[in-house]
Structures are given as C-alpha cells and as structure tokens.
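A.B. asks: Starting off with a structure, shown below.
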Amino acid sequence: MRAGTAYWGIWDLSRSTPPPAEAGFAPGRAKRVSHRTRDGRRPQPSRVRWQRDGRGVAMGASGQLGVGVVGYGYAGRAFHCYLASLERPHGLELRAVATRDPERQARARRDHPGARVHATLDDMLRDDAVELVVLATPHDTHRDLAVRALAAGRHVVVDKVMCLNLAEADVMIEAAERAGRLLTVFHNRRWDWDYLTVRDVLARGWLGAPYLFESTVFGYGEPRGWRACRAQGGGILYDWGAHLVDQALQLVPGPVGRVECVTQSRRWSQSDAGSYARLSLHFENGVLFVVEVGNLARRAKPRWYVLGEEGALVRQARDPQEPFLNRRAIDAVTEPPGERAVVHTVRDGLAVEAAVDTVRGSWRAFYQNVADAALRGAPLAVAPREVRRAIAVFDAAEAASRTGLPVRPAGE
Ligand SMILES: NC(=O)c1ccc[n+]([C@@H]2O[C@H](COP(=O)([O-])OP(=O)(O)OC[C@H]3O[C@@H](n4cnc5c(N)ncnc54)[C@H](OP(=O)(O)O)[C@@H]3O)[C@@H](O)[C@H]2O)c1
C-alpha cells in the first residue's frame, strides 16, 4: 500500500476497546522485579540508605543518583550519556565518563563539561560520585566489568547483549544479589514504536490467535571492529538479534519448546561474525517466532510480518527514534504516516486493509525506570532474570546451529 492511499476500514478498527491493563500489554508496563538479595529480600531503594554503605559510596546522598558511563563509542555517547543527562528531573545526574582513548576523552570533556573523565572503570570506581555504572562496551567485556562494578557497590546498567552465555549471566546475577545492587540490561527496544504497535494490535484481537511472527532486520555492510570478531561480539545474532529475541519472549506467553538456527558466513573476509542468521523459536503453545538478521541483504524484508487466524499485520519500517536520538532530539520523534503498520482482516464480511495508529514509546522510559527503581524502589522494567532467559535461547541457538538439530533452551 502506497502513502496517500485511502485507508478505509481504519475507523472501524480504531473503535475497538483498548486492551485491559491486566492483560499485561500496556505499553511500558513494568514487570515485577525478580531481583533479590541472597536472603530473599528486595534490595532497599538507595534513598533509605543515605549514609555511606560500608563500600565507600553514599548512595543517592545528594538526592540525585550519580551516573558513570564506561565507553564513549557510539552507544556511550549517543545513547547513554545523552539519555541519562535528560533525566536530571527524574533523579539521574551524569557525573563521569570512562574511555581510554585520548581523543574520546577530549570529546567527552567538550560534550559534558560537568562530568569527570576517567581512563578506566577502575579509576571510575574510585570516584565516590558515581553510584550507577553504565557499560557501553563490547559484549565480551560485560560480565567482568559488571561484576567489578557491583562488587564495588554500584548499581549497573549493561547494554545489550547482557553477556555471551548462561554461565556469564549467572555470575552477573549472583554478583548483583550478593551486593544488593540493581542490575539491568538496556533493552531500549521494548519501547520501540513498531514493537509496541504489534503488541497493541495483538491485544485488541484484530489478528485473532497469532501463530506466526517474522521479525527481521537486514542491512548491507561488512561489520567492523569488535562486531566483526565472534570472540568479542558473539556473532551476528548477538547484535540486533538480542533485541529481537527479547521482544519475542515478551510478546509470546509460555515456554519455548525448541529452537532451530541456521547461520551463514559469506563474503566478508575480515569477519568471522557471520552474514546471516535465522533463529526459529517454537513456543509450546504452537506459535512459531522467526528472527532473521543479515548484513548481506541488498533489499530489506518487512520489519514485521505477523499472521493470526483472523488477520495479518505487515510493517515495513523500523522504529524511528534512532535518527532523532543522534540529533539529540528524542522528544521530537515523528514518522511519516506511510510507515504505519497495515492490518489485513475481514470485518462484517468486508475485506479490510487498514493502517493502524502507531503506539509511540520513548527510550527515555528506560532511564526513568532505572531512577525509579534505584531511588524510589519501583520494580525494574528489565529484570535480569528475564534477560537470562534470552541468553538461554542464545546458548540453545549456538548448539542448534552447530549440530543442525533442534534444542530446548535451559530452564524452559
Ligand atoms: N541498545 C542499542 O540500541 C544499541 C545500539 C548500539 C550499540 N549498542 C551496544 O552498546 C555496546 C557498545 O557498542 P558501540 O556501538 O558503542 O561500540 P563502539 O562504538 O565500538 O564503542 C565501544 C566502547 O567500549 C570501549 N571498550 C572497548 N573495549 C573495552 C574494554 N576491554 N574495557 C573497557 N572499555 C572498552 C571502547 O574503547 P575506549 O576505551 O577506547 O573508548 C569504546 O569507547 C554494545 O553492547 C552494543 O551492542 C546498543
């Protein structure tokens, strides 16, 4: 359907009742936190322990939670320093950046004159002003850096993918529980417009019972730096795939019975990360969720193709937030009307093809929730044990891709 086509049928669909809150589909709804200290208690919000806590950090003593971002590459700069500095009114204050690179250090000083610039995480951990450490570093560093920051009494946000395997996830969760500090993963794409819209359409019942999801991100270009190296990045599935698997586990209820995985490595001679991966999650309730990622695709597929017993949804476009984030204008995000998801179904005997209103999330919600969790005891929106489940899917995918056989993820 081209932009400008008359979307007849939209009125009919739009009058359906909104999803009940208890259905668990409301955009941005926080999940119950599963974070516990060793003796089973919830860690106390920082606000109730203003005094130094024995580890040399006065948590939230100023009424603001001091944030330190490790890594001043793309994510550290464009995502974390920017988003954390927006949430001052919510209780976050960007106080430090760590990067070993002198040019990046100079840039961080220019960009954030109020923040101290350190060379390493260890230097940052000697800085009492930092109470929450954000890791915007390659995937193979996440476990060790997170464990060090937690052991030093800091809360930790780690960018996706949480880590490279289940053993690493367990070490990180254990470290957080031992320290009584929060650990969460930057799954910003739980607030993506395309994903929230799919969730909303499902909750409204417009597709009937869903049975097939195809969730795809394709591009064309050789991976560079640590992403090109499987030992550092984990391979092609661990980049965009981390978001797509997380969304799959959020969208479809119940256990994953088995996964199948096919990967290919072509063309890119400087990389062993792979050029294509297709991961099929067979849920026990019969739903098939197919995640596809590729860096050797001259033409993209739709971002979403969803079939239910009563209808189909197609959305070509990805979430629109990233270009606005890069212009430091996250509050000004818009998308052309032609990028809306289109639902195909039958109503009262009439075939309906309707562009549906997009549900607009904001990546700001992630850090707002972190502030609420650390300072006011709210449940974490992205609980580490939820993400551990995704890491179990990745372990199973690795085994399935190696053997060519279906594998049931651990713990399902
Ligand atoms: N959620 C999203 O939408 C999204 C988007 C993009 C990236 N990411 C994630 O963000 C993370 C970083 O990706 P990126 O694109 O920002 O990578 P990048 O541009 O290559 O930057 C990586 C940063 O990590 C630092 N670093 C590298 N190795 C390190 C080590 N051993 N110890 C400490 N610091 C180290 C780098 O070095 P220096 O010390 O030299 O500065 C650099 O500042 C990854 O987990 C990635 O998946 C997420």
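The values are calculated or read from the model by the stated rules, or taken from the named source; none is laboratory data. For clarity, every value in this text was computed on a predicted model and none was experimentally measured. Using ideal geometry, Cβ is built from the backbone for each residue, glycine included, and neighbour counts are taken over all protein chains shown.
A.B. asks: Select from segment 125-154 the residues that are part of a loop (DSSP other than H, G, I, E, B) and either more than 10 Å from the ligand (Cβ to nearest atom) or not assigned by TED's automatic domain parsing to the domain that holds I173 (or both) and list them in ascending order.
C.D. replies: We begin by selecting, within segment 125-154, every residue part of a loop (DSSP other than H, G, I, E, B); these are 126-131, 136-138, 152-154.
Within segment 125-154, R126, D127, D128, A129, V130, E131, A152, G153, R154 qualify.
A.B. asks: Can you pull out the residues in segment 330-354 that are in a loop (DSSP other than H, G, I, E, B) and under 20 Å from the mean Cα position of the chain (by Cα)?
C.D. replies: First, pick out the residues of segment 330-354 that are in a loop (DSSP other than H, G, I, E, B): 333-336, 340-341, 348-349.
If the condition is that a residue be in a loop (DSSP other than H, G, I, E, B) and under 20 Å from the mean Cα position of the chain (by Cα), then V333 is the only one that fits.
A.B. asks: Another question, then. Considering only segment 92-107, state which residues are more than 17 Å from D127 (Cα to Cα) and touching a Ser or Thr at 6+ places or on another chain (Cβ under 9 Å).
C.D. replies: Keep residues of segment 92-107 that are more than 17 Å from D127 (Cα to Cα), which gives 101-104, 106-107.
Hit for segment 92-107 is R107, nothing else.
A.B. asks: Out of all the residues in segment 221-252, which are more than 11 Å from the ligand (Cβ to nearest atom), out of contact with any strand residue (DSSP E or B) (no Cβ under 6 Å at 6 or more places or on another chain) and under 17 Å from A317 (Cβ atoms)?
C.D. replies: If the condition is that a residue be more than 11 Å from the ligand (Cβ to nearest atom), out of contact with any strand residue (DSSP E or B) (no Cβ under 6 Å at 6 or more places or on another chain) and under 17 Å from A317 (Cβ atoms), then Q247 is the only one that fits.
A.B. asks: Just to verify a result, which residue in segment 163-212, among those that are within 14 Å of the ligand (Cβ to nearest atom) and either over 22 Å from V306 (Cβ atoms) or polar (S, T, N, Q) (or both), is surrounded by the most Cβ atoms within 10 Å (Cβ to Cβ)?
C.D. replies: Looking at residues that are within 14 Å of the ligand (Cβ to nearest atom) and either over 22 Å from V306 (Cβ atoms) or polar (S, T, N, Q) (or both), I get V185.
A.B. asks: Further question: Just give me the residues in segment 267-316 being touching a helix residue (DSSP H, G or I) at 6+ places or on another chain (Cβ under 8 Å), more than 18 Å from R227 (Cβ to Cβ) and either acidic (D, E) or assigned to a loop (DSSP other than H, G, I, E, B) (or both), in sequence order.
C.D. replies: R303, Q316
A.B. asks: So the check is Cβ under 9 Å with 6+ separation or different chains; which pairs have a first residue in segment 234-260 that's aromatic (F, W, Y) and a second one that's at pLDDT below 95?
C.D. replies: Cβ pairs passing all conditions: Y238/A273.
Table: residues versus (1) more than 30 Å from C81 (Cα to Cα); (2) surrounded by fewer than 18 Cβ atoms within 10 Å (Cβ to Cβ).
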site	(1), (2)
S271	no, no
A277	yes, no
H282	yes, yes
Y305	yes, yes
R328	no, yes
A332	no, yes
A354	yes, no
A374	no, no
